[in-house]
Amino acid sequence: MIDLEQKIQYIKGVGPSRVLLLNKLGIYDIEDLVTYFPREYEDRSEIKKIADIEAGETVCFRAVVVSKPNEARIKKNMTITKAIVRDETGSALLTWFNQSYIKSQLEAHEEYTFYGKVQKAYAGRIEMASPIFDKEGETKNTGKIVPIYPLTNGLSQNVIRSIIENALKLCNDQFEEFIPSSIRTKYHLCELNFAIRNIHFPDRNEDFMTARKRIAFQELLLLQLGLLNIKEKGKIEEKGIKFNKDVLVDELVSSLPFKLTNAQARVWAEIQKDMEQDKPMNRLVQGDVGSGKTVVAALAMFKAVKCGYQASLMAPTAILATQHYEGISKMLEPFGIKCALFTSALTKKQKEKLIDELKNGEIDIAIGTHALIEENIEFKNVGLVITDEQHRFGVRQRSKLSNKGERIDTLVMTATPIPRTLALILYGDLDISIIDELPPGRQKIDTYAVKKNMENRVNEFIRKEINSGRQAYIVCPLVEESDVSDLKSVQIMYDYYKKVFPEFKIEYLHGKMKNKEKDEIMQKFKAGDINILISTTVIEVGVDVPNATIMCVENAERFGLAQLHQLRGRVGRGKFKSYCILKYDSKSDVVAERMKIMQETNDGFVISEKDLKLRGPGDFFGTMQHGVPEFKVANLFTDMDLLKDAQECAKNILEEDPLLKEDQNSGIRKKIGELFKNKLEL
């Protein structure tokens, strides 16, 4: 077998300078090289006659050079080389700019195959600029399906193709098959060596599709197996805390100033059932902004404490942790449950006191930020840990919190609506509950998508709202003005709005500021001391400001729909009518469709499905869950059927062999280990 960890400098065509260029693309060894898959393909296999070619087409045609190409200087630093070529149906004018070497490569009366985009076509005559070509009998650039790779400066398509071709020759079809033949037969998958060879250099489109299906399937299967294996491992190897069935939460529910929605009641029943089993709970609670996830979390913490255990809740920001602390302590302290807030803002003395109280069991519930996972934080007997907005932490940080106790139940909450199929990928190690209903009386936020010519009207509307005692958010995509982008930055917008609204108190907020500074500004905004807050998306997951009624997003076309929906959820949290204004600057039909979706629906799950469809999975959260390997080929929208097959296959494998210990699964087990190495705590 070939050593796939062999460094790339041993591949023919890779010298010291190219090693550095390939390293920039994340290519260090042979495995990196052969799994550096094309981003697209050009089908240069079909040869057309000149008379059949239309303007705008990108085509291959075969023709004879009529006479030697001529070169003319049209500017000081620009030359143009022209050649007339002909087949039996018509002629073509070919031009190349600043490519003098063409004269020596094209010979009169010789036949070549040309490939390029046709600019003009009329009556058996076409014009084409800078075509690629091969001499008759050669197929280096034409006459086949050609892969197109992502590049870096200094590396051409021809060079990277040649290097990958040399690597594949060196490997000589020695890739070790790891998917059992029974699975390949059931799901109609080709063998691995065929797939690797044809994902790069397919002879036919059918071969490419066959190769792509195999590689996409294995990516989806390995990720599902890796995550499900973690879940199964926990169930098999660990006996969890079996919380007492007789300890009910009825008195807490009765004390609430509102009735639980049907969705909250259903999700609580799922959590309670998990807590009362002797296996550790690992559950994700998904719920749109304002759906009442915190109340469900409070019920779980109440039950844990009344059963004699401590509980913990970790949030991504100090201000969100403080908000949770204020809401949860108000709910639970009347029942004799002591809550404490752990953030970096504590003095040394305050922190030491809380650490002691937590360790000896005087504190029932610890609520805080990353401060909770510090080494010196110890619980007496923690039984339940909850993380809010989990994707902002990553798998490893969640594990650190869970490791503060033994056999702990874990609850994860997110307000980012994720299509269920995507959630199964991102949170495959968790069971999933969805709160898909908003409490009654929650006001709809009116959303308007506007262009630049509406700016004055928007400003007057903001002025009117603030003069009525309300507050506004204005969100921008960048922190500072960039030479390469005209996106509106926080600093530029701050200066602009100070001039537009000299009578109002305006501040700005962005991710590069220190946490303490950010928290101070958010507290001032919450207290009403700031009228307009200019911000980046750091306020996407943030504090409740019931008095804020306007969310104005600059360059809204640059945000994903799910992210725009999260930003919109920052307003409409009080008794006042609220508005979301999406300012965009684009003529694109896709952008117009996305803005229309935002105006038509407030349902986060509908929006997330549309976002996935229009943009593809991409970096779905803005910050993809840390620790989950990325796909090179699979696409979570176009490969939905393949994903379902992979999920079915993964479940079947684990039903028969939960820990992948049987011989036929040894290759899969090895691959999963490599895939999740240093990423998940396997």
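The values are calculated or read from the model by the stated rules, or taken from the named source; none is laboratory data. Every value quoted in this text rests on a predicted model; they were computed, and no experiment measured them. Here the Cβ positions follow ideal geometry from the backbone for every residue, glycine too, while neighbour counts run over all protein chains shown.
Determine whether ASN360 is surrounded by fewer than 14 Cβ atoms within 10 Å (Cβ to Cβ) and either among the small types (Gly, Ala, Ser) or at pLDDT 85 or above (or both). Reasoning before the result, please.
Working: surrounded by fewer than 14 Cβ atoms within 10 Å (Cβ to Cβ): yes; either among the small types (Gly, Ala, Ser) or at pLDDT 85 or above (or both): yes.
Spelling it out, ASN360 is indeed surrounded by fewer than 14 Cβ atoms within 10 Å (Cβ to Cβ) and either among the small types (Gly, Ala, Ser) or at pLDDT 85 or above (or both).
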If we keep only residues of segment 37-60 that are without any contact (Cβ under 8 Å) to a residue 60 or more places away in the chain and within 27 Å of PHE201 (Cα to Cα), then the residue nearest to the chain's Cα centre (by Cα) is VAL59
Flag for ALA300 being touching a Gly at 6+ places or on another chain (Cβ under 9 Å), surrounded by 20 or more Cβ atoms within 10 Å (Cβ to Cβ) and either on the phi > 0 side of the Ramachandran plot or not assigned by TED's automatic domain parsing to the domain that holds GLU517 (or both): no
Counting only residues that are assigned to a helix (DSSP H, G or I), at pLDDT below 80 and of a type outside the set (Val, Ile, Thr), segment 227-280 contains a total of 9
Restricting segment 507-562 to residues that are free of Cβ contacts under 8 Å to residues at least 12 places away in the same chain and assigned to a loop (DSSP other than H, G, I, E, B), the one nearest to ARG463 (Cα to Cα) turns out to be MET513
Taking segment 176-204 and keeping only residues that are aromatic (Phe, Trp, Tyr) and without any contact (Cβ under 8 Å) to a residue 40 or more places away in the chain, one is left with PHE194
If we keep only residues of segment 500-550 that are surrounded by fewer than 18 Cβ atoms within 10 Å (Cβ to Cβ), modelled with pLDDT of 80 or more and among the polar types (S, T, N, Q), then the residue nearest to PRO316 (Cα to Cα) is GLN523
Checked segment 581-594 for anything under 24 Å from the mean Cα position of the chain (by Cα), surrounded by 15 or more Cβ atoms within 10 Å (Cβ to Cβ) and not in a loop (DSSP other than H, G, I, E, B); matches are LEU582, LYS583, VAL591, ARG594
If we keep only residues of segment 106-127 that are surrounded by 13 or more Cβ atoms within 10 Å (Cβ to Cβ) and among the hydroxyl-bearing types (Ser, Thr, Tyr), then the residue nearest to the chain's Cα centre (by Cα) is TYR115
Here the residues within segment 567-586 that are modelled with pLDDT under 90 and in contact with a Gly (Cβ under 8 Å, 6 or more places away or on another chain) are GLY569, ARG570, GLY572, ARG573
When every residue in segment 438-494 that is assigned to a helix (DSSP H, G or I) and among the charged types (D, E, K, R) is compared, the one modelled with the lowest pLDDT is LYS452
Going through segment 118-152 in order, the residues found to be more than 27 Å from GLU206 (Cα to Cα), assigned to a loop (DSSP other than H, G, I, E, B) and among the aliphatic types (A, V, I, L, M) are ALA123
* Inspect segment 95-103 for any residue being hydroxyl-bearing (Ser, Thr, Tyr), free of Cβ contacts under 8 Å to residues at least 40 places away in the same chain and in a loop (DSSP other than H, G, I, E, B) and give the result as yes or no. => yes
